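This report concerns only the one structure given below.
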Amino acid sequence: MNPEDDPDLWLDQHGGALYRFAMIRLRDTHKAEEVVQDTLVAGLQSISRFSGGASVRTWLIGILKHKIMDQFRRESREVQLESPDLLSAENDLFAEEDCFDANGSWRENLSDWGNPEDSLERSQLMAILQRCLDTLPERLSRLFMLREVMEESTEMICQEMAISPTNVWTMLYRARMGLRQCLDQNGAGRARG
Amino acid sequence: MLTCKDASHLVSHSQDRTLGFRERWELRIHLWMCVNCRRFERQIGLMRRLLRQSARQAEAEAADRQLPAEARERIRQALPSSNGTRTTQPPEKRPSS
């Protein structure tokens, strides 16, 4: 092991990088601090398994990824307890019959939102979108954020939330339909009539 | 023929998986004929772009965050060896959590 890999120096040498990595994913200073600490403790405990093939930092980041996943899993379990029956809980949000008639056609014409390039217009839309996201049932919003913001694959989300791919796609569809409706009702298309 | 309802599902799915050849073809024909579904597709795409843009902004802000000195100290206290006496020899195996 290189002298600069001295575990006593891990915190000083890698703490900052681990913290930034965690902050990007968790966006919460307390949680980030917690996972960095867990990572260093776990690293010290399993130092005998460090092969020396990778750099210490890469190895620690590997541990950190697992700790972040554990954190997500814990949160999603907590949320699951609050609303165990996800698919019915989010039925309130969006009903297909409200959007489509018996022939499967849109009941109302959709408005043109345009493609705002203007950063002010975009940030206004984003503000509405944020408020709409807050109205989603928590587990659905978590799933939607995993996909759209963290850009996780369906496979990852399936593992993460213990549901089938078909369910993931259906839930994402419902989230998008609900958000689209919410945005539309809150003025996304108003400027253009 | 696809209904708008079917098409809306396919538009959404196309953001999460690769559509089959037939699905892609049927959707393309439907979108070609249906202004509402074309708008739907653009709205969904705009939502994704807005979210990803704001996520990148938030990420850039998070990436600027330094590990605060107090947090560093708290972590140092919590680590098994905090007095600097550790040697570079691997410690005895501890029970893993």
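Please verify whether the range A:21-31 includes one or more residues that are assigned to a helix (DSSP H, G or I), charged (D, E, K, R) and at the interface with chain B (Cβ under 8 Å from one of its Cβ atoms).
Step one: of the range A:21-31, the residues assigned to a helix (DSSP H, G or I) are A:21-26, A:29-31.
Filter once more, keeping what is charged (D, E, K, R): A:25, A:31.
Next, only the ones that are at the interface with chain B (Cβ under 8 Å from one of its Cβ atoms) stay: none.
Checked the range A:21-31: no residue is assigned to a helix (DSSP H, G or I), charged (D, E, K, R) and at the interface with chain B (Cβ under 8 Å from one of its Cβ atoms).
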Only one of A:I157, A:I163 is assigned to a loop (DSSP other than H, G, I, E, B) and either in contact (Cβ under 8 Å) with a residue 60 or more places away in the chain or not hydroxyl-bearing (S, T, Y) (or both), namely A:I163
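Can you pull out every residue in the range B:18-58 that is farther than 25 Å from A:A127 by Cβ, facing chain A (nearest Cβ under 7 Å) and surrounded by fewer than 15 Cβ atoms within 10 Å (Cβ to Cβ)?
First, the residues of the range B:18-58 that are farther than 25 Å from A:A127 by Cβ: B:18-38.
Filter once more, so that each one left must be facing chain A (nearest Cβ under 7 Å): B:36.
The answer is none; no residue qualifies.
Taken together, the values in this text are just the output of simple stated rules run on the coordinates, not laboratory data. All values derive from a computational prediction rather than experimental measurement. Backbone-built Cβ (ideal geometry, glycine too); neighbour counts: all protein chains shown.
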